[in-house]
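Below: the structure, in structure tokens.
Just so it is clear, none of the values below were taken in a lab; they were calculated from the coordinates. Not measured: the values here are computed from a predicted model. Positions of Cβ are generated from backbone atoms using ideal geometry, with glycine treated the same way; all protein chains shown enter the neighbour counts.
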Amino acid sequence: MSRKNGLAKWNDGFDIVALLERIYRSCNSLDFELYLPVLLSAVTWPDDIPESTRLELVRASIQVQAAGKVPAAEVVLEKIKTQQRAYLKRRLTPHIVSTSLSVSTSWRLYPRIALGHEIRFLSRLDAARPGEELYGVPEDPKSYKKIRLRLDARAVEDAWRRAFDAIDLLRGIWNFGLGRNRYRITFGGHTGKPFNSVLLGPRFTVYDENAGTESRNQGCITPFHLVRPVFDAAELKVIIATERRVCRGLARASYHDAIESGFIRYCRALDEPDLNSSFLSLWSVLEYLSAAGAERYKDMIGRISMLWNRQEPHRSVLNHLRLVRNQQVHAGEGSGLAEALIGQLKFYVENLLVFHLSQGHRFEGLQEAGKFLDLPGGVNELKRQTYLLKSAISVRSKGN
């Protein structure tokens with residue numbers, strides 16, 4: 001659980017005394033590594049501290065207290081706060097993050113701004129130095145477009161995490177334009193190919209610019225799926241037109257950050273070559289954009305079907321998808337119809353994205369947009385509700 005502001009507090013639902021007892025008693029065994037990460041959920045965190053850094057800070061807090069008897073929970077909490085403060089006081093330094101995308105190298109693309117970061121498109125990237133090769137990971141395909149971001153960060157993980165948020169927002173918008181309302185059916189079994197057209201290359205590099213390329217770190221992007229780059233001139237026109245429409249919608253929406261998060265999650269769900277995993281990830285995007293919560297399926301189906309004047313067959317299709325999702329989660333059974341299921345599901349996710357882009361200026365956030373979709377569909381019903389609301393305001397304003 002994270003908080004945008006404020007330092008550590010214990011979260012509800014955890015027996016902190018019992019948890020600390022187990023952690024301290026297992027300091028010299030492998031159990032220590034199993035129980036230590038539980039503190040990441042037991043404590044609130046500022047959003048700009050990455051997960052692996054959180055584990056480092058918790059580890060440092062526990063090591064400080066490791067000798068002697070188990071300390072009180074508030075003592076450990078104060079140590080974690082001290083570590084959080086120290087991290088947040090670290091100086092921001094410029095970092096360079098590079099990778100590649102499956103779009104034509106012949107396209108002349110101008111820099112884009114995503115989440116406040118500039119994405120530049122290059123003709124080539126620096127080759128790996130001898131000894132830097134990643135075992136079993138191919139070099140970036142020569143047919144893929146190379147990209148680079150420069151951003152200020154406190155640590156390497158912070159840099160690449162925020163860089164990929166920006167990249168995936170851009171890819172989400174591009175793939176939304178190229179794949180909206182499209183589906184595929186592969187006869188003879190599905191291919192294991194992701195639904196997205198614009199995919200990441202197999203590797204990335206990141207380094208602190210002040211420390212120079214000698215500090216360069218490399219990582220692999222998994223799962224990597226080699227595809228023919230998007231290269232058609234008509235596809236480029238679609239990408240550019242979609243960017244403009246989406247950016248206009250985001251600029252008008254009062255909760256643009258939530259919509260941007262929806263595009264990032266939509267993109268990552270459709271990156272999955274395992275189509276059953278892709279289906280489950282895309283379902284979570286549907287829950288997020290409907291703002292109905294993970295357990296309120298009836299509300300979610302009602303809200304989404306309200307996007308159309310005629311709610312059937314949408315209610316029936318959504319109920320079908322809900323049953324398939326429950327079967328996969330609770331029984332662990334995948335479906336051989338995953339391609340068709342994703343085609344159905346992405347249709348509803350994409351229409352929710354369109355709704356938020358076109359109507360986002362009317363609401364304060366996702367929750368309020370969801371309440372709007374809870375309203376009755378008929379004009380006469382809405383007029384009756386309006387009358388009742390005005391009557392209630394009139395009566396209560398008189399103090400009766």
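Bridgeable aspartates and glutamates around K69 (alpha carbons under 13 Å apart, same-chain partners fewer than 8 residues away excluded): E21.
The helix-based estimate of mean residue ellipticity at 222 nm for the chain, built from -39,500 (n - 2.57) per DSSP H run of four or more residues and divided by its residue count, is -16000 deg cm²/dmol to the nearest 500.
Using the Karplus relation 6.51 cos²θ - 1.76 cosθ + 1.60 with θ = phi - 60°, the per-residue 3J(HN,Hα) values for segment 277-283 come to 5, 4, 4, 5, 5, 5, 4 Hz, with x marking Gly and Pro. Using a simple spin-label model with pseudo-atoms 7 Å out from Cα toward Cβ, S26 and F14 lie 1.4 nm apart. Within the set (1) 18; (2) 23; (3) 33, the number that percent of Cα pairs over 38 Å apart takes when calculated for this structure is listed as (3). Sequentially through segment 244-251, phi angles give Karplus couplings (6.51, -1.76, 1.60; θ = phi - 60°) of 4, 5, 5, 5, 5, x, 5, 5 Hz, Gly and Pro residues having no value and appearing as x.
Using 0.36 nm per residue and subtracting the Cα-Cα separation, the extra length available between L375 and K142 on full extension is 78.6 nm.
Computing FRET efficiency as 1/(1 + (r/R0)^6) for L226 and R85, where r is the C-beta to C-beta distance and R0 is 41 Å, gives about 0.35. For the peptides 354-363, 84-93, the ranking by packing is 354-363, 84-93, with the highest mean count of neighbouring Cβ atoms within 10 Å listed first.
In straight-distance terms, cross-link reach from K146 covers every one of the aspartates and glutamates whose alpha-carbon lies under 16 Å from its own, apart from those fewer than eight places away in the same chain; here that gives E118, D126, D168. Does a label point 7 Å from the Cα of E118, set along Cα-to-beta-carbon, have any residues of segment 152-185 with amide nitrogen under 15 Å, and which are they? Only 152 fall inside the zone, counting backbone N under 15 Å. The order of the peptides 104-115, 385-396, 297-308 by mean Cβ neighbours within 10 Å, most packed first, is 297-308, 104-115, 385-396. Distances between placed amide hydrogens fall under 5 Å for V43 paired with N11, all partners being 5 or more residues away or on another chain. Note on T186 and E243: the model spin-label points, each 7 Å out from Cα along the C-beta direction, lie 3.0 nm apart. For K346, a cut-off of 26 angstrom between C-alpha atoms picks up these lysines, skipping any fewer than 8 places away in its own chain: K193, K237, K298, K371.
Modelled this way, with points 7 Å down the Cα-to-C-beta line, the labels at V70 and S106 are 6.8 nm from one another. Each peptide in 228-235, 309-316, 205-212 receives the mean, over its residues, of other Cβ atoms within 10 Å, and ordering these scores from highest gives 205-212, 228-235, 309-316. Gain on full extension, evaluated as 0.36 nm per residue between A392 and T44 minus their Cα-Cα distance, stands at 121.2 nm.
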